[in-house]
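Structure, as structure tokens:
The values are calculated or read from the model by the stated rules, or taken from the named source; none is laboratory data. On a predicted model such as this, the values are computed, not experimentally measured, just so you know. Note: ideal-geometry Cβ built from the backbone for every residue, glycine included; neighbour counts use all protein chains shown. Heads up: the accessible areas ignore ligands, DNA and RNA and are worked out on the full protein's heavy atoms, side chains in. Shrake-Rupley method; radii C 1.70, N 1.55, O 1.52, S 1.80 Å.
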Amino acid sequence: VVKFRRTGESSRSDEDGISGEHEVQIEGVRTELEPVELGDGAAVPKEFANPTDDTFMVEDAVEAIGFGKFQWKLSVITGLAWANAMEMMILSILAPQLHCEWRLPSWKVALLTSVVFVGMMSSSTLWGNISDQYGRKTGLKISVLWTLYYGILSGFAPIYSWILVLRGLVGFGIGGVPQSVTLYAEFLPMKARAKCILLIEVFWALGTVFEVLLAVVVMPTLGWRWLLILSALPLLLFAVLCFWLPESARYDVLSGNQEKALATLKRIATENGAPMPLGKLVVSRQEDRGKMRDLFTPHFRWTTLLLWFIWFSNAFSYYGLVLLTTELFQAGDVCSISSRRQEVKAKCSLTCEYLTEEDYTDLLWTTLSEFPGVLVTLWIIDRIGRKKTMALSFLVFSFCSLLLFLCVGRNVLTVLLFIARAFISGGFQAAYVYTPEVYPTATRALGLGTCSGMARVGALITPFIAQVMLESSVYLTLLVYSGCCLLAALASCFLPIETKGRGLQESSHKEWGQEMVGRGSHSPG
């Protein structure tokens, strides 16, 4: 018995006026055949992808074409944009250098870091809005060119006020780079999406490692100005290659540009050597795109609020740990940090210490902990799901923070900080996988942009905890980070939607999951 259901999406369905389930008895078939069901979250084999429908959606085409040469090229190009981590990592190298060279007081050095985060915070939502209104490629291209221009210009800053403004403008541009994940995710088949988004996060870690190695070579000979200019190289390479990038087919369909979307899908199919689905591409209902109110509809209100807190906690804890690592290493352990603080207070705020070779080595080792974080997240995210992965990452970080209450030796301290950094960076990466998956195409870039903006708020606040509060009580500081991550773990569990094994939602006017689990799964009414 073959069962089938009219979904109402076929152009013939309206004409026939037939709905509901139907059964067809086929005579003369071997009766010993057993029914076979796909496992939960399994990809539909290419030979079964839409063989008889007279229409198909972008999701069907992406699944049928699969992962191939086009996605590999896209991974490298998107990764180059993601290597803007160099522009972030340079802050920890630039600050002590300018502190010495320009005789800056400590608060001015701290302001140089903060102004970058202020720029990122103020622009994240704007770039998301531009990407939803005018296209993913447009938003990403403008933000990268903006960052590249002001990044190179920073190398020619004559005085402190100039470099402060220019680094703030660099931060403004960096706020749009996460939109590369939106563009990337919309070209990936369901089975490969989580792994691929996590793997381009490797470019972030590679960018930070490359920045430290570049600093070791450039700083003693050419100085910080050349380091600023050379750090823009990956973005320059991306700016050249981004003309190859196509616009997202999902965005084109949503904005009514069906022919362009179909041309893009045919181009991907040709490059991958895979056949296109049969039939006609369905044009989705055109919607208002990039509207903030759509993030707070009944379907997405709780998801948005919980995600904002999760992203805030990720950045708050991640950058807090980066700042705490230096303090804890220099003190030896938590118990020694209070007495060291008293010694530091007696020093003049203009005391100058250039970065040594040992400092660069420590920076390199700390950065390398990001790689195990990627591997652990890669292994568990499709096994236990996105929500549980984020919750586990927060719980491990919280547990490691509490263990720092013990007066452990330097070796154990290093291990605990390494594990904590690996898991909190893994949690960040899981959030980058989940967020583009949970929002529909009309608000996907805006949703990611607002979450990224909340993360920058966390990054702005964390120096007051990791540096100012630390002077009063190291235990209270650790308790704040641990408590914040425990709440974030709870928030991850309370997220209403699990996106593991689901496709990307095209329209915000449909129930979540309606397109994702197969178009035959619509409930009547």
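List the helices (runs of 4 or more DSSP H) that sit entirely inside the stretch 184-249 and contain at least 1 residues that are open to solvent by less than 10 Å² (accessible area, probe 1.4 Å), among the aliphatic types (A, V, I, L, M) and without any contact (Cβ under 8 Å) to a residue 24 or more places away in the chain. Talk me through it step by step, then tell me what you get.
Working: elements: 190-218, 224-230, 233-241.
By residue number, 190-218.
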So, in the stretch 483-501, how many residues would count as being within 10 Å of Leu306 (Cα to Cα) and of a type in the set (Gly, Ala, Ser)?
3
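Considering only the stretch 265-283, state which residues are in a loop (DSSP other than H, G, I, E, B) and not small (Gly, Ala, Ser).
Going residue by residue through the stretch 265-283, those that are in a loop (DSSP other than H, G, I, E, B) are 273-279, 282-283.
Hits for the stretch 265-283 are Pro275, Met276, Pro277, Leu278, Val282, Val283.
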Filtered residue count, the stretch 150-164, keeping only those that are in contact (Cβ under 8 Å) with a residue 24 or more places away in the chain and assigned to a helix (DSSP H, G or I)
6
Among the candidates Lys108, Lys46, which residue alone is at pLDDT below 75 and open to solvent by 40 Å² or more (accessible area, probe 1.4 Å)?
Lys46
Which of the residues that make up the stretch 263-280 are closer than 17 Å to Lys137 by Cβ and hydrophobic (A, V, I, L, M, F, W, C)?
Ala263, Leu265, Ile268
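Let's see how each residue does on (1) among the aliphatic types (A, V, I, L, M); (2) at pLDDT 85 or above:
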| position | (1), (2) |
| --- | --- |
| Gly426 | no, yes |
| Thr441 | no, no |
| Leu446 | yes, no |
| Leu490 | yes, yes |
| Phe494 | no, yes |
| Ser507 | no, no |
| His522 | no, no |
Close pairs (7 angstrom Cβ cut-off, 6 or more residues apart or separate chains): small (Gly, Ala, Ser) in the stretch 56-84, assigned to a helix (DSSP H, G or I) and open to solvent by less than 10 Å² (accessible area, probe 1.4 Å) anywhere
Ala61/Leu265; Ser75/Ile200; Gly79/Ile200; Ala81/Leu140; Ala81/Val144; Ala81/Ser180; Ala81/Phe238; Ala83/Gly207
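What are the residues in the stretch 233-272 that are small (Gly, Ala, Ser) and at pLDDT below 85, if any?
Taking the stretch 233-272 first, the residues small (Gly, Ala, Ser) are 239, 248-249, 255-256, 261, 263, 269.
Passing the criteria: Ala239, Ser248, Ala249, Ser255, Gly256, Ala261.
Take the residues in the stretch 283-333 that are touching a Cys at 6+ places or on another chain (Cβ under 7 Å) and either modelled with pLDDT of 85 or more or within 29 Å of Gly256 (Cβ to Cβ) (or both), then tell me which one is most open to solvent (accessible area, probe 1.4 Å).
Keep residues of the stretch 283-333 that are touching a Cys at 6+ places or on another chain (Cβ under 7 Å), which gives 307-308, 311, 313, 316-317, 333.
Then keep just the ones that are either modelled with pLDDT of 85 or more or within 29 Å of Gly256 (Cβ to Cβ) (or both); that gives 307-308, 311, 313, 316-317.
Details: Leu307: 0, Trp308: 55, Trp311: 1, Ser313: 0, Phe316: 11, Ser317: 0 Å².
Taking the candidates together, the pick is Trp308.
Being crowded, with 24+ Cβ neighbours inside 10 Å and hydroxyl-bearing (Ser, Thr, Tyr) is the filter here; which residues of the stretch 122-140 pass it? Working first, answer last.
Applying the first criterion (crowded, with 24+ Cβ neighbours inside 10 Å) to the stretch 122-140 yields 123-124, 127-128, 131-132, 136, 139-140.
Across the stretch 122-140, the qualifying residues are Ser123, Ser124, Ser131.
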In the list Gly151, Gly119, which residue meets the criterion of being within 15 Å of Arg225 (Cβ to Cβ), buried (at least 16 other Cβ atoms within 10 Å of the Cβ), at pLDDT 85 or above and under 25 Å from the mean Cα position of the chain (by Cα)?
Gly151
